[in-house]
Structure formats: C-alpha cells, structure tokens
Amino acid sequence: MKTIRLWLCVGMAALISNPPPAIAASHREAPITALDHKADITDFYAFVSYDDPTKVTFLLDVDPLLEPGNGPNYFPFDDDILYAIRIDNNNDAQAEISFQFRFQTEIRAPQVFTGFVGAGNGIDAPANSPPPVAPGTPIVPPAITALDGAGSDGLNLRQRYTVTMVKNGISTELTNSTGAPLFAVPTDVGPRTMPNYPALAAQGIYSLGNGIRVFAGTVDDPFYIDLGAAFDSLNFRTAAGGGVLTPAQDADDNTNTAPDFVSGYNVNTIAIEVPIAMLTSTGTVLSANDPAATIGAWGTTSRPRITVRRAPLPAQSSGSWSQVQRMGNPLINELIIGTGYKDFWSMSEPKDDSQFANFDLDPLLARVLNAVYGINVPNPPRTDLLPLVVYAPPIAAPGTPQGPVADLLRLNTGVAPTAQSNRRRLGLLAGDPAGFPNGRRVSDDVTDIAARAVAGAFAGSAFSYRIGDGVNTNDVPYQETFPYVAFAQNGRNRRHIDPGEPGCTQGTGAACPVN
C-alpha cells in the first residue's frame, strides 16, 4: 500500500506541475454528474445489429443505479436535457450526423399520488365507502396494458418525445410512421399494476421510416461489474481470481465468480437503429477493408445555460445548450481521466482531446495495476493504446486517416455481427471481431477488456494477463433483437445479487464470495 500511495502522490505532483493545457479553474472534487444524475451518461453502445448487418444500433444509457421499486414518481427523463447521439464519418472527431432527443412530461391525473396505478379490470369503491364517494365509484383504474388509448388510464406520469436528425447542419424531425406520438416506456412497477410488462414495453418500439427504429424508456441496466471491489483500490475477490483470473474462470463467459453490483438495477436508455448507408460518408454499405467503413460515435447530454428558480412556480430554463456530459469509450472518465479534470473533460469536445493525451497515453491506472499485481506494463508513451483514440487497425482499415486524438467509440460497420453462439465477452481480445473495442455490444465485458488494454494487451503477449473482476455476464439475459437490452426489472420482485448470497449467476449457481 505504501508503494501505491507513493506513486499516486508522485503522479499527482507530476500532473500538477505539467498539467494538460487549457484547463479551467476551480473544479469541484467530484464529477459534475455526481450532482446531476439525470444528465449522467452511464454507458454508450454502438454495434452492427445482430439480426440485420445493414444497420447499426446505438444505445445511450443515462441516470445510474435506478432502484426498481423507488416510487412514486420513478424515473422520468428530464424535460430540460437535450440527449444526443453523435457520429463522425470523416475522421475529424466532429459530428456530421446527430440524433437529438427531447422529452415532454404530462401529469394526466394531478390529484393521484403516484405516477402509475392500476389493477385487474379496475377496483370500485366498496359498500362501506365513506361519503361523499358513493359505493361503485371507480377508484383504481384497470391495470396498465397500453401506452396510449384503452389500457393506459393508469399512466398518470407519461412522457412523449421527439427525435431530430441533424445531418450536415440540416435538421429533420423523424416521426412515427403511423403518425402517432412517441411515448417513453415506463418502468415495471409490479405485476398488479402492469401484469404483462414485456408486451407493454414492446409497444415502445417505433418505426420512423427509412429503416430507422427507436425505443426510449427504463430498462434493466445491461452493464455488469463488481463495482465495489473495483473502486476499493482494485480489491478484487480472491475467489474470483483476486484480480487475475484462472484459465477456467476466464474461459467461461456465462458464469460469475463475483457479485454483479449492478444486478437488480434499472437505467434509462435511448436506443436507435439506423441503416449503415445513412451513416457512412459515401452513403453506402462498405466492406471492412474500406477506410470509409469506420465511424466514430459518442453520446452527450446538455442543459440550457440559464435556469431561473421561481418557487412556488416551476423553474424556467432558457438560453443555448451547454454540454454536461459525454461518453465514447467506456470507463475513460471513471478510470483514466484524473478527478481534478473530469468536469472539464465532460464538458469538452472530442476534437480537443489532445489536451488529455497525457492521461490517454500514459494512464495512471497502468501504474496502479503494476503496483498492485506486480505485472509488467509497457513504457510510455503508450502507442499500443492509440487505436482507442485514433482511427487505426485493428478497428479501422489500413489507410484510414487517423484524425486527431479523440475519445470516440469507433465502429467498423463492414464487420458482420457475430452469431450468439460464437460471441465472446472479451471481443477483439478473444478473436471476436465484432466486439469491443470495435464498437461495443451490450454483452461485451468492457471492465476486463479495458483493464487488460491498459495493462498492455495490445502491446503483445508479454503484457497479456487475465485481469478481471470475476463478473462475466449480466444478471438477466439480453434480447437478441432491437433494442437488445432486457426490459426493466420488476419493482416489487427485483433482486440484487449481493456478496454471500446464493445464485451468483442469473439467480443460479454458487453463492457470491464475500472475500
């Protein structure tokens, strides 16, 4: 521990004396999104659709660790946030195409104390109902079975949303092909209120024409990690390999040997599926060896610059949009960028990321891994990490313009999706060409991949270690069709799989270790 503390002090001193340029002053100690959960991007995904290799699916997850039973208002999107998915298709780390999402909340029954209510065919006032409510008066509406029309009376809190495509500066609103509004899917309150939740959630999948589909709502959080162990100074559990997995543990993509901290939690997601021909600079589907086949993508959340508190009236926001958070590659802000720079990084644009090159190409995390586990790590500058921050093989085709250093999730759209039976959680590191860091699928084990990449996995076999947290799969199965994530966990019956509890893997198997 002395070694770790000493190096952290030396590392911090070096960064203080040689900071990245253009850093703003007076940052808070915690990231800005620690105080603004609604604008916090938890994860961002981009992958060629499993069932249609001519399309790409993007997922933007926001608002972390949603406890499924945490009513009565649950988890609406924020009407004051501009949610955006941005795509670079000419290697300049700027968005040539963006998909923007805005939400509008309606309270349909202001006198009702909860956002969602319903049961069976409805419940009427009984014979002993106190006056002035007469017996037989409807009290509880029928169970919620629809997002609109019959079966939706119990949706007291309901959100509509709009989708706008901005392409080369031209904005086009994308509307439901049926002409009906787009509704966000609410969380799964419980079996009495929403007796057939999968059918209800499926109603939130909309076609916008031109081959585009969209979904927005609360879903099971697809991310999996032993989060508590990771942030306890990499205190991974000995039963899960102690941070370096055994060959058997590493080879089993379907078994957890450590508790999934995110199990039982929901997250808000925006999912959009877009034809590849609408995304590439050529307007066509390209082969993997074409330099124009690889795109870069990232998600952002932004708020109006001015908010006026008008109590007892609602707050009022105005002004231009100011970015709060962004995400391209997973875990960059959490594990690579220094705490004193996280807020500035969050509000910056990818095209300006050269100012953070010290973090990207000489990550402190590599030094920590070296100290904790005694493993060899490459000497800086870490050119082996360049494919994560520029357009380069093994993701982009040889000859692709590298562009500036920028945190983008790069996806070679010419690489076909891997069949479920052959899909590997370690993606490219396990020889699965359609997995992270070539884009990111919901099942990719980015914790293990990122840790191994930082330790030097892309620098050669001398730096290949089976670093992992022992969590190899999600707590519930994913879907194989759009929107690919599992629908929301049930508020009444959800289960967090904690250390020491039985059923470490999707409710089955051995107990999760405590050590």
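The values are calculated or read from the model by the stated rules, or taken from the named source; none is laboratory data. Owing to the predicted nature of the structure, the values given are computational and were not obtained by experimental measurement. Cβ atoms come from the backbone with ideal geometry, glycine included; neighbour counts cover every protein chain shown.
For every residue, the table says whether it meets (1) part of a strand (DSSP E or B); (2) in contact with a Phe, Trp or Tyr (Cβ under 8 Å, 6 or more places away or on another chain); (3) under 30 Å from Arg452 (Cα atoms).
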| position | (1), (2), (3) |
| --- | --- |
| Gly283 | no, no, no |
| Asn289 | no, no, yes |
| Ala292 | no, no, yes |
| Ala297 | yes, yes, yes |
| Pro314 | yes, no, no |
| Ser317 | yes, no, no |
| Ser322 | yes, no, no |
| Asn329 | no, no, yes |
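Just for the range 321-378: of the residues that are aliphatic (A, V, I, L, M), over 21 Å from Thr301 (Cα atoms) and out of contact with any Leu (no Cβ under 8 Å at 6 or more places or on another chain), which one is surrounded by the most Cβ atoms within 10 Å (Cβ to Cβ)? Spell out the reasoning first.
Initial filter on the range 321-378 (aliphatic (A, V, I, L, M)): 324, 327, 331-332, 335-337, 347, 357, 361, 364-366, 368-369, 371-372, 375, 377.
Those still in the list that are over 21 Å from Thr301 (Cα atoms) too: 357, 361, 364-366, 368-369, 371-372, 375, 377.
Subsequent filtering for residues that are out of contact with any Leu (no Cβ under 8 Å at 6 or more places or on another chain) retains 357, 366, 371.
Values: Ala357: 14, Ala366: 22, Ala371: 19.
Result: Ala366.
Can you pull out the strands (runs of 3 or more DSSP E) entirely within the range 101-186 that have at least 2 residues that are surrounded by 17 or more Cβ atoms within 10 Å (Cβ to Cβ) and hydrophobic (A, V, I, L, M, F, W, C)? Talk me through it step by step, then tell me what you get.
Details: elements: 138-140, 157-167, 170-174.
Filter on the range 101-186 gives 157-167.
If the Cβ limit is 9 Å and pairs must be 6+ apart or interchain, which residue in the range 66-88 that is more than 27 Å from Phe99 (Cα to Cα) and touching a residue at least 12 places away in the same chain (Cβ under 8 Å) pairs with which residue that is part of a strand (DSSP E or B) and of a type in the set (A, V, I, L, M)?
From the range 66-88, the pairs are Pro72/Leu157; Asn73/Leu157.
From the residues in the range 429-444 that are of a type outside the set (D, E, K, R) and touching a helix residue (DSSP H, G or I) at 6+ places or on another chain (Cβ under 8 Å), which one is surrounded by the fewest Cβ atoms within 10 Å (Cβ to Cβ)?
From the range 429-444, those of a type outside the set (D, E, K, R) are 429-431, 433-439, 442-443; that's our starting set.
This time we only want the ones that are touching a helix residue (DSSP H, G or I) at 6+ places or on another chain (Cβ under 8 Å), so: 429, 434-438.
On the way: Leu429: 19, Ala434: 24, Gly435: 27, Phe436: 29, Pro437: 23, Asn438: 27.
Only one residue tops the list, namely Leu429.
In the range 243-269, what count of residues is obtained for those that are in a helix (DSSP H, G or I) and surrounded by fewer than 16 Cβ atoms within 10 Å (Cβ to Cβ)?
So the first thing to find is which residues in the range 243-269 are in a helix (DSSP H, G or I), and the list is 243, 247-251.
After this cut, where a residue has to be surrounded by fewer than 16 Cβ atoms within 10 Å (Cβ to Cβ) as well, the list is 247-248, 251.
The number of residues fulfilling the criteria is 3.
Report yes if Thr447 is within 30 Å of Asn358 (Cβ to Cβ), in contact (Cβ under 8 Å) with a residue 12 or more places away in the chain and surrounded by 19 or more Cβ atoms within 10 Å (Cβ to Cβ), otherwise no.
Values: within 30 Å of Asn358 (Cβ to Cβ): yes; in contact (Cβ under 8 Å) with a residue 12 or more places away in the chain: yes; surrounded by 19 or more Cβ atoms within 10 Å (Cβ to Cβ): yes.
When the stated conditions are applied, Thr447 passes them.
Which count do you get for residues in the range 402-424 that are exposed (fewer than 13 other Cβ atoms within 10 Å of the Cβ) and without any contact (Cβ under 8 Å) to a residue 60 or more places away in the chain?
At the first step, the residues of the range 402-424 found to be exposed (fewer than 13 other Cβ atoms within 10 Å of the Cβ) are 416, 419-422.
From what's left, without any contact (Cβ under 8 Å) to a residue 60 or more places away in the chain: 419, 421-422.
Going through the range 402-424 one residue at a time, the tally reaches 3.
Just to be sure, is Asp92 modelled with pLDDT of 95 or more and in contact with a strand residue (DSSP E or B) (Cβ under 6 Å, 6 or more places away or on another chain)? Explain how you work it out, then say what you get.
Details: modelled with pLDDT of 95 or more: yes; in contact with a strand residue (DSSP E or B) (Cβ under 6 Å, 6 or more places away or on another chain): no.
So Asp92 fails the test.
Looking only at residues that are among the acidic types (Asp, Glu) and part of a loop (DSSP other than H, G, I, E, B) in the range 45-80, which one is surrounded by the most Cβ atoms within 10 Å (Cβ to Cβ)?
Here is the first cut: in the range 45-80, the residues among the acidic types (Asp, Glu) are 51-52, 61, 63, 67, 78-80.
Now restrict to residues that are part of a loop (DSSP other than H, G, I, E, B): 51-52, 67, 78-80.
Values: Asp51: 10, Asp52: 17, Glu67: 15, Asp78: 19, Asp79: 13, Asp80: 16.
My answer is Asp78.
Quick one: is Gly217 within 30 Å of Asn73 (Cα to Cα) and assigned to a helix (DSSP H, G or I)? Spell out how you get there, then give the answer.
Numbers: within 30 Å of Asn73 (Cα to Cα): yes; assigned to a helix (DSSP H, G or I): no.
Answer is no for this residue.
Val244 fails exactly one of the following numbered conditions: (1) over 26 Å from Ala180 (Cα atoms); (2) touching a Phe, Trp or Tyr at 6+ places or on another chain (Cβ under 9 Å); (3) at pLDDT 95 or above. What is the number of that condition?
(3)
Take Gly399 and decide whether it is crowded, with 20+ Cβ neighbours inside 10 Å and either charged (D, E, K, R) or more than 23 Å from the chain's Cα centre (by Cα) (or both).
Working: crowded, with 20+ Cβ neighbours inside 10 Å: no; either charged (D, E, K, R) or more than 23 Å from the chain's Cα centre (by Cα) (or both): yes.
The answer is no for Gly399.
When you scan the range 302-311, do you find a residue that is at pLDDT 95 or above and within 18 Å of the chain's Cα centre (by Cα), even just one?
Yes: the range 302-311 contains one or more residues that are at pLDDT 95 or above and within 18 Å of the chain's Cα centre (by Cα).
In the range 212-235, is there at least one residue being surrounded by fewer than 18 Cβ atoms within 10 Å (Cβ to Cβ), in contact with a strand residue (DSSP E or B) (Cβ under 8 Å, 6 or more places away or on another chain) and in contact (Cβ under 8 Å) with a residue 12 or more places away in the chain?
No, the range 212-235 contains no residue that is surrounded by fewer than 18 Cβ atoms within 10 Å (Cβ to Cβ), in contact with a strand residue (DSSP E or B) (Cβ under 8 Å, 6 or more places away or on another chain) and in contact (Cβ under 8 Å) with a residue 12 or more places away in the chain.
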